[in-house]
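What follows is a short report on a single structure.
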Amino acid sequence: MKTGKIISWVVGIIVLAGVAWGVYAIATSPKIAEGDIINRTGELHWHAHLSIVVDGKPVEIPTDIGVNGPMGAGGDPMALHTHDTSGIIHAEFFGMVTKDQLRLKEFFKIWGKDFSKDSIMGHTATDGHTITMTVNGEPNTDFENYAITGQGTYDSGGDLGKVDDIVITYK
Ligand SMILES: [Cu+2]
């Protein structure tokens, strides 16, 4: 076989493999349901208020979660974070945001703590203990899968406005 012919074959095979990979990638890429896209362009800046009560005692939610950690290195807060111990979770994103990025599990992952219906910060729902959650006073069974809804704003004076008020109770 002449060198030119070999090169043609090799190029042909590479092109075919590329096309096949492209088709495969498109066919298997996860589809984001329209309802799961919260924001497409620009900035999203939402808030939620979180309280955690363990055995009747409020757990302090530290300042600067997600600010100097791996998700917001160099004091550049991104995604879900706190700025004080008020329990306010700030959700700041730019561009495409999906519901998955607003779930409580993301905040707990950034914080480095466990949270599900089975455990909260090392406290497990065993031996008669229970973990319950409310959002604006209503029982909620989504637990770590709850995606904050953000609606409304809060002011730094502490007025929660219409943001989600999430209470997780272990007892
Ligand atoms: Cu904020």
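If you take the residues of segment 88-102 that are of a type in the set (A, V, I, L, M, F, W, C) and outside any strand (DSSP E or B), which of them is nearest to the ligand (Cβ to nearest atom)? The selected residue is LEU102. Apart from one condition, ILE32 fits all of (1) at pLDDT below 90; (2) surrounded by fewer than 10 Cβ atoms within 10 Å (Cβ to Cβ); the exception is (2). In segment 48-61, of all residues being within 26 Å of GLY150 (Cα to Cα) and either more than 16 Å from the ligand (Cβ to nearest atom) or modelled with pLDDT under 90 (or both), the one that is surrounded by the fewest Cβ atoms within 10 Å (Cβ to Cβ) corresponds to GLU60.
Give me the residue from segment 1-32 that is over 29 Å from ILE88 (Cβ atoms) and not in a helix (DSSP H, G or I) and, out of that set, nearest to the ligand (Cβ to nearest atom). Only one residue fits best here, namely PRO30.
The values are calculated or read from the model by the stated rules, or taken from the named source; none is laboratory data. Everything numeric in this text was worked out from a predicted model, so none of it was measured. Virtual Cβ from ideal backbone geometry, glycine too; neighbours counted across all protein chains shown.
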